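Accompanying notes for the structure given below.
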Amino acid sequence: MKQKISMKVAMHCQKCRAKALTVAAGSNGVDFVGLEGEEKDKVVVIGNGVDAARLASCMRKKVGHADIISVTEVK
């Protein structure tokens, strides 16, 4: 099942954004990683079989505060 995960992550500088994208891309099953939002504070991950809770936990450990906004199925 391919899914789209949107997360709000506390990112204050360009280095933090790069680290968040690297952490997200390192997860198993990820096909696409990108930034969204007016302030580029939302990380969007699209992949097959990605564990949203584990991804949020890794973001909290390595980048900063992270909240899962939505998990939707992509057709």
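At a 10 angstrom cut-off on C-beta neighbours, averaged per residue, how do the peptides 42-52, 12-22, 57-67 rank from highest to lowest?
Per-residue Cβ counts within 10 Å, averaged per peptide and sorted highest first, yield 42-52, 57-67, 12-22.
Can you send over the carbon and sulfur percentage of the accessible area for the chain, probe radius 1.4 Å, protein chains only?
Values: 2330 of 4730 Å².
Solvent-exposed carbon and sulfur of the chain make up 49 percent of the total.
Please give me, ordered by residue number, the GluC sites (Glu not before Pro) of the chain that lie in loop per DSSP and have at most 15 other Cβ atoms within 10 Å. Display every interim value, and only then the final one.
Details: sites: E36, E38, E39, E73; in loops: E38, E39.
Sparse-neighbourhood loop GluC sites (Glu not before Pro): E38, E39.
The values are calculated or read from the model by the stated rules, or taken from the named source; none is laboratory data. Nothing here was measured: the structure is a model prediction, and the numbers come from that model. Quick reminder, even Gly has a Cβ in these numbers, built from the backbone with ideal geometry, and neighbours come from all protein chains shown. Each accessible area value is taken on the protein alone, full model and side chains, heavy atoms only, with ligands, DNA and RNA left out. Shrake-Rupley method; radii C 1.70, N 1.55, O 1.52, S 1.80 Å.
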